[in-house]
Amino acid sequence: MSINLLLAAVILMNFLLVATGRAVQLVRRVALQGMILGLILLLLHDEWHIHVLLMAGSTVAIKGAVIPWLLAQALSRTKEAKSPTPYVGYTLSLILLAGSTFLAFLLARKLPLQVGMLGTLFIPASLATLFTGFLLLITRRRALLQVVGYLVLENGVFLFSLLLVKNMPLLVETGVLLDLVVGIFIMGIVINHIQQAFDSQDTKRMSDLKE
Amino acid sequence: MSIALIILPLMATPVVWYMKPGMNRARVLPVVGIIHFLFVIASLTGVFQLNPDAWFRLDPLGGWVLFIVSAVFAIVSFYAPAYLALRPDRNFRIFCVSLLGFISMASLVATSRHPGVLWVGMEAMTLMTTPLIYYTYNRRSLEATWKYLMICSVGMALALLGTFFIAYAADLGGMSGPLYFDRIAEIANSFPGQWLKAGFVLLLVGYGTKMGLAPLHTWKPDTYSETPGIVGAVLGAGVTTCAFLALARMLAILNAAGEGEFARDILVVMGLFSMFWAFVFMVRQADLKRLLAYSGVEQAGILAIGLGIGGDAIKATLFLVGAYALVKVSLFLGAGNIHRAFNNRTVPEVSGVINFLPWTGWTFLIGFFASTCCPPFSPFMGMYQLASIAFASGRMWVGGLLLIFLAMIFLVSSKLVLTAVLGDERVFSKEVIYRDSIGTVGPIVVALAIALLVGIWMPQSLSNMLEQATQIVRTP
């Protein structure tokens, strides 16, 4: 059950992500989480075909290296060392995350699984990671940290997709990864413009548009 | 051959990118627009042989939507050169490339037979259209861009999860081979209902965000108000129409699986809520483009209600999609002209457009009446059918609320539009550069003329295609 151990590591990583306010640490942790996902993909298969190796390799490379590098680039252009205080404090965020992780485990029991997958933590881990992403997206004020939240959200979706690696064609898998990289790239560009225009990455300052 | 629809606009992008700066770059757009439209017609009339195993194929449902979107793009692309010439200081290289990327991805969405590929197309479309919003390069448009990018990306992530849920349901249902929509429809009744329902809710949240259903519409008013009218036309008539297609395809799966009632009920509730919400924000609205945005929320709601009523109402809904798209294009382009001339988009600064820009003024006024479902325009025809089917099928509450909201929205929005168009003539302190010209008014007139024509006389071949498309959503 080494897969379940890795899935537990993903859940643990969720808590570490929510617990920190330092952008550098968040980027490192989300990179680590991405690498674990690639590892799970690899362990899920008994035989390592070219297809599997390719998918696992590109997952580790993209989620573990390329995207964190893009984020680090966006980070290095700013002088702000400290991120603004989140809308919801760290302690409360952790409590919310613990509660929702518990709920994810409860909810997962309601959904039927394939016979081979019974007893794995895929669904609770996926739902809990999804919620972590949401939490980061909503509570963090700094644009870059919101992007990290989006990435964590995407990791949750990716975890679920591992249940159907045998059914999803390569075309879709590649398309999804490509969209993700391009998406983060564009977000990076926009953050750069925000930094220049507002002299800060604090999204709270962007509040001109309202009724 | 369907793949040509996707590749053709992409082939034009390097041409546009490496061209010498100048107006010729913008003139590539109408050329691509018209060729793409002709290709769509050729594909629909069956000039090209179709391979039944192909990944991309234009079925009647996708064909109808692409027909609309391609027509919208052609109209917009003819407007683009004249509009971009008004702002010679701006470099519109990225703008043109994004527009070409949009129509390419719209073709991908319409021709894809696989829910995963459809998602990839929708997400790529979100990313392609992002630079369009940041056209004016100021703080406000930056805020709008960030909102659009984040809200739509999160929505699309949820839609991806929903797509995976559907795929997992197919897996548990014992389906093997590629998950083509037509193949799913044949055996969907063996799929487990929990996964399908959960998947549909996620897909509704995801594609509903792109379509702008309340309460997921929050990006819409900000985005539409901060972008040029031409971008509003692309987003409001193109992107949302594609999102509608995605939603209709997913509803078809649920219908085929026998879980349709659940899906249709949520659609009706969400649709009515969208209409109500749009009404609330239209009261005391002073900004013309924001008004159009909320009118977009209202129309997305009407389309959701139409899908939710189901049965024969699907045909009326599909008809309405096209009717609304055409009228919306004319309104957004008109609002763009008004914005250029008055350098403002709020009443009372904008007043008496008709004295100053007679063509834009008249078309805006007519477009407004068309979009609020006044006869004899096509939205009226669609709405008349939709409402009568709602009553005939015994949904008195739905039909009643639909008409009440429609009337209330007409009342609150007419005040703003009438003041803007027919109000007191405004005295300008400095000279105004913009005047109506054939390039900026012609496309608007064409869009309105088609909307009028289709309302009075519908060609038999189009009607047949609509009927076949309806059957796809209604399955089995």
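Quick check for you: which residues of the stretch B:134-173 have the amide N under 15 Å from the point 7 Å beyond the Cα of B:Asn91 toward its beta carbon?
Residues B:135-137 qualify, since their backbone N sits under 15 Å from the label point.
From the backbone phi of the stretch B:192-205, what are the Karplus-calculated ³J(HN,Hα) couplings (6.51 cos²θ - 1.76 cosθ + 1.60, θ = phi - 60°) in whole Hz, Gly and Pro given as x?
x, x, 4, 5, 5, 5, 4, x, 5, 4, 5, 5, 5, 4
What are the equivalent ellipsoid semi-axes of the stretch B:331-445, built from the alpha-carbon gyration tensor (square roots of five times its eigenvalues), in whole angstrom, biggest first? Each step should come with its number before you reach the end.
Numbers: eigenvalues 234, 46, 16 Å².
Over the Cα atoms of the stretch B:331-445, the semi-axes work out to 34, 15, 9 Å.
I need two numbers for the stretch B:242-337: Rg to one decimal and Dmax as a whole number, Cα atoms only, in Å.
14.6, 48
Keeping all protein chains in position, work out how much accessible area B:Leu38 exposes to a 1.4 Å probe, and write it in Å² to the nearest 10.
Surface accessible to solvent at B:Leu38 totals approximately 110 Å².
Run the helix sum for the protein assembly as shown: -39,500 (n - 2.57) per DSSP H stretch of 4+ residues, divided by residue count, reported at 222 nm to the nearest 500 deg cm²/dmol.
The per-residue figure over the protein assembly as shown is -25000 deg cm²/dmol.
In the full protein assembly as shown, how much of B:Arg290 is accessible to a 1.4 Å probe, in Å² to the nearest 10?
Probe radius 1.4 Å; accessible area of B:Arg290 about 20 Å².
Express the relative contact order of chain A as a whole percentage, based on alpha carbon pairs under 8 Å and six or more residues apart in sequence.
24 percent.
Rounded to the nearest 10 Å², what accessible area does B:Val412 have for a 1.4 Å probe in the complete protein model?
The value for B:Val412 is about 40 Å².
For B:Leu29, B:Leu462, give the ranking by accessible area with the largest first, probe 1.4 Å.
B:Leu462, B:Leu29
Using the basic label-point model (7 angstrom from Cα toward the beta carbon), what is the B:Asn138 to B:Glu425 distance in nanometres?
2.9
Select from A:Val24, A:Val182, A:Val52 the residue whose mean-square fluctuation is largest in a Gaussian network model of chain A (Cα-Cα springs shorter than 10 Å).
With Cα springs under 10 Å in chain A, the top fluctuation among A:Val24, A:Val182, A:Val52 is at A:Val182.
Take every residue in peptide B:120-127, count the Cβ atoms of other chains within 10 Å of its Cβ, and give the average of those counts.
Counting other chains' Cβ atoms within 10 Å and averaging over B:120-127 gives 4.
Heavy atoms only, 1.4 Å probe, whole protein assembly: order B:Ser463, B:Ser388, B:Ser330 by accessible area, highest first.
Correct descending sequence by accessible area is B:Ser388, B:Ser463, B:Ser330.
What is the distance, in nm, between label points placed 7 Å from the Cα along the Cα-to-Cβ direction at A:Phe102 and at B:Asn189?
4.4
Between the stretch B:391-452 and the stretch B:135-201, what is the separation of their alpha carbon centroids in Å?
34
Which lysines, if any, have their Cα less than 26 Å from the Cα of A:Lys110, not counting same-chain residues under 8 positions apart?
Output for A:Lys110: A:Lys166, B:Lys197.
Please report, in whole Å, how far the alpha carbons of chain B spread along each principal axis, starting with the longest.
71, 54, 43
With a cut-off of 8 Å between alpha carbons and a minimum separation of six or more residues, what is the relative contact order of the stretch B:231-328 in percent? Please report the intermediate quantities before stating the final value.
On the way: 83 pairs, mean separation 33.8, N = 98.
Across the stretch B:231-328, relative contact order equals 34 percent.
Compare A:Ile3, B:Ile133 by solvent-accessible area with a 1.4 Å probe and give them largest first, with all protein chains kept in place.
From most exposed to least exposed: A:Ile3, B:Ile133.
Which order do the peptides B:159-167, B:3-11 take when ranked by the mean count of other beta-carbon atoms within 10 Å per residue, highest first?
Ranking, from highest mean packing down: B:159-167, B:3-11.
log10 I(q)/I(0), Debye, Cα-only the stretch A:2-205, no solvent, q = 0.08, 0.14 Å⁻¹?
-0.27, -0.81
Can you give me the Cα centroid spacing of the stretch B:100-133 and the stretch A:139-198 in angstrom?
What the calculation gives is 16 Å, centre to centre.
Counting alpha carbon pairs within less than 8 Å and at least 6 residues apart, what relative contact order, in whole percent, applies to chain B?
RCO, chain B: 16 percent.
Using only the alpha-carbon atoms, what does the protein assembly as shown span along each of its principal axes? Please give whole angstrom values in decreasing order.
76, 60, 49
The values are calculated or read from the model by the stated rules, or taken from the named source; none is laboratory data. The structure presented is a predicted model; accordingly, all values stated were derived computationally and were not measured. No Cβ is skipped: glycine too gets one built from the backbone with ideal geometry, and neighbour counts run over all protein chains shown. Remember, those area values only see protein heavy atoms, side chains included, never the ligands or the DNA or RNA. Shrake-Rupley method; radii C 1.70, N 1.55, O 1.52, S 1.80 Å.
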